[in-house]
């Protein structure tokens, strides 16, 4: 029991690190753009590369964690790689190097994200509900504190201005050669965000050390035993495929919007109609993640009283209200942008675990399905932020358009899932409970 709790704590630390790594890029993106000397359109490839890495990491992780029982060793190795790539990101001076480090960082995050989800379910089995919700809550904590770590280290002026000023001064004196000018350009002081990434990388090393200790103390894990319950019934392949596909699409849309908004709202704050500072944009990002974290914590207790379906519907309503405020008021009022960010963070907070738990009431969610859901989320994280970042420089309102489209699509998918599942018995119901449920439904239908 003690080893089980310690392993769970390690999973929480890993989720904390993943949340920190995921959230730090948004507030620091403009500084990274200046460091490598590119524009907003080209820096978007960094997001695509990281998301592609996350995608392949999710797939590889789903297979790898099923193949071996030395899961603690896998966590140790890939947490170290994650920490190393995080350290390296702000040291990139060309976009190619930055893209490479981001790809590795995304790959490790995808693998670790899949591993933490699967291992939490393995460790606790039928009791995994609150522990699984808490895992996602800790991820939100990482997303909350990471922008706060970055905020003091954000530059108030573009580095291009520093470089251009150095170059202009050299041109005025006419005393230096072109080589000296280039040398002066390359002696720009160490970018302040290096310290922010160093802090996050340091956390990664601590997490690595924690897993290394557990790797020595208890190196082997169960691969997980499928609990075949006589209450669980096989479902038609077509039904399972349909439900998994709909949930895949729902997680694709919602997770893509979650990450896209969280990473682009800081840029929208600066380049949009309000023309806020980068520091304020970072704090708005923290508001999103703060609301996200609070409601993930609250959802642990709400899930005790509310059904998973109700939780999903509640999430869709909150995101829709946030999108409406974003569309109608956020372009003119700063408070509206703060409020919309908070509502959107609250709306997407519990959707991922609630959606999976909703599906799990009707079909047996296997490890490969969890990996597939992670892949859907990874596709969303790859495509949605790239789409927003590609247009946001010329059309800042693209962020609002994407959020609204996400709400419409998510609502349509949830309605379809409700229609498909409404006449299906839950898999853990006994035959007597199913007969009672059907008898109640028949009597209600006869009355109407």
Open item on the list: All but one of (1) without any contact (Cβ under 8 Å) to a residue 40 or more places away in the chain; (2) crowded, with 24+ Cβ neighbours inside 10 Å hold for residue 1; state the number of the condition that does not hold.
Closed with: (2)
Task: Subset tally (residues that are modelled with pLDDT of 90 or more, in contact with a helix residue (DSSP H, G or I) (Cβ under 9 Å, 6 or more places away or on another chain) and farther than 30 Å from residue 32 by Cβ) for region 227-272 - done: 8
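Conditions (1) within 30 Å of residue 283 (Cα to Cα); (2) in a helix (DSSP H, G or I); (3) modelled with pLDDT under 50, marked per residue:
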{"residue": "131", "(1), (2), (3)": "yes, yes, no"}
{"residue": "155", "(1), (2), (3)": "yes, no, no"}
{"residue": "161", "(1), (2), (3)": "yes, yes, yes"}
{"residue": "176", "(1), (2), (3)": "no, no, yes"}
{"residue": "189", "(1), (2), (3)": "yes, no, no"}
{"residue": "194", "(1), (2), (3)": "yes, yes, no"}
{"residue": "197", "(1), (2), (3)": "yes, yes, no"}
{"residue": "215", "(1), (2), (3)": "no, yes, no"}
TODO: Name the one entry in 281, 256, 272 that is surrounded by 24 or more Cβ atoms within 10 Å (Cβ to Cβ), farther than 23 Å from residue 371 by Cα and assigned by the TED database to the domain that holds residue 419.
DONE: 281
Open item on the list: Can you tell me which residue is farthest from the chain's Cα centre (by Cα) among those in region 303-312 that are surrounded by fewer than 16 Cβ atoms within 10 Å (Cβ to Cβ) and not in a loop (DSSP other than H, G, I, E, B)?
Closed with: 305
- [ ] For residue 43, state whether it is under 23 Å from residue 148 (Cβ atoms) and crowded, with 18+ Cβ neighbours inside 10 Å.
- [x] yes
- [ ] Kindly indicate which of 336, 330 is assigned by the TED database to the domain that holds residue 370 and outside any helix (DSSP H, G or I).
- [x] 330
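The values are calculated or read from the model by the stated rules, or taken from the named source; none is laboratory data. Everything numeric in this text was worked out from a predicted model, so none of it was measured. In this analysis, Cβ positions are derived from the backbone assuming ideal geometry, glycine residues included, and neighbour counts consider all displayed protein chains.
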